[in-house]
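Beneath this line is the structure, given in structure tokens, with notes to follow.
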Amino acid sequence: MTDLRVPAVIINFKAYSEVEGGKALRLAQACQDIAERTGVSIAVCPPATAIAQIAGSVNVPVFAQHVDPCKPGAATGRLTAHLLRGAGAKGTLINHSERRLRLADIGMAVETCRANELVTVVCTDTPSTSAAAASLKPDFIAVEPPELIGGDISVTDAQPEVIERTVNAVRRIDDGVRVLCGAGIKTGQDVKRAVELGAVGVLLASGVVKAPDPAKALADLVQFL
Ligand code: G3P
């Protein structure tokens, strides 16, 4: 199992029909092939139901899409950091735009992940919320303007200033917290631009998961890293 290095490309599988059943494992294997072929650090975030199977089958880091701010115990239906660790996850997204948490809950989620040696990627929407999240000392912040998520215009074209301002805001709070960006990222040029703007990598979904040929899309995405 390789760890997540930077520059990093994190692929969020979300709950798209393209990753239902055995299709999530096939996509994770395609990500592994590209990671091996190019040497680029790629992590995958399959649905929670597929984490254990995929973590046992591929050597790229497997992340969860969400963790609940709960300790092991009476927490029906919750995904604890301890459960994720036991399933083979190496890290998790926290506070994704489609799964928001309150600030106090983000703090507790980061803490329980740290206690379970899970890498934390806290998603945010603006430079200000990124600064607030940075004070909780996650490993990564991933800034994603919600209105661009799932669309065809990359954040690097539509709102490059959000990336630069987030990098600066986070650096002022804690320069050990690294910044990723996402929303609408689809091409190698988008990824190159993200790095030029100060991000250490990208978080993306539809550009790979919904592509007619995900392996080809991923190969294009990592070509300049
Ligand atoms: O988690 C990544 C995400 O929210 C961005 O989605 O489809 O715009 O790459 P997408």
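For the pair ARG26 and ASP157, the difference between a 0.36 nm per residue extended length and the Cα-Cα distance amounts to 44.1 nm. Here the accessible area is traced with a 1.4 Å probe on the protein chains. For the chain, carbon and sulfur cover 50 percent of it.
For the chain, the Kirkwood estimate of hydrodynamic radius, built from reciprocal distances between every pair of different alpha carbons, is 17.1 Å.
With protein chains left intact and a 1.4 Å probe, residues in region 8-221 average 42 Å² of accessible area per residue. Note: relative contact order over region 8-221, using C-alpha pairs below 8 Å and six or more positions apart, is 18 percent. Lysine pairs in region 8-221 whose alpha-carbon atoms fall under 23 angstrom of each other, counting only those eight or more residues apart or on distinct chains, come to 16.
The values are calculated or read from the model by the stated rules, or taken from the named source; none is laboratory data. Owing to the predicted nature of the structure, the values given are computational and were not obtained by experimental measurement. All accessible areas refer to the heavy atoms of the entire protein, side chains included, with ligands and DNA or RNA removed. Shrake-Rupley method; radii C 1.70, N 1.55, O 1.52, S 1.80 Å.
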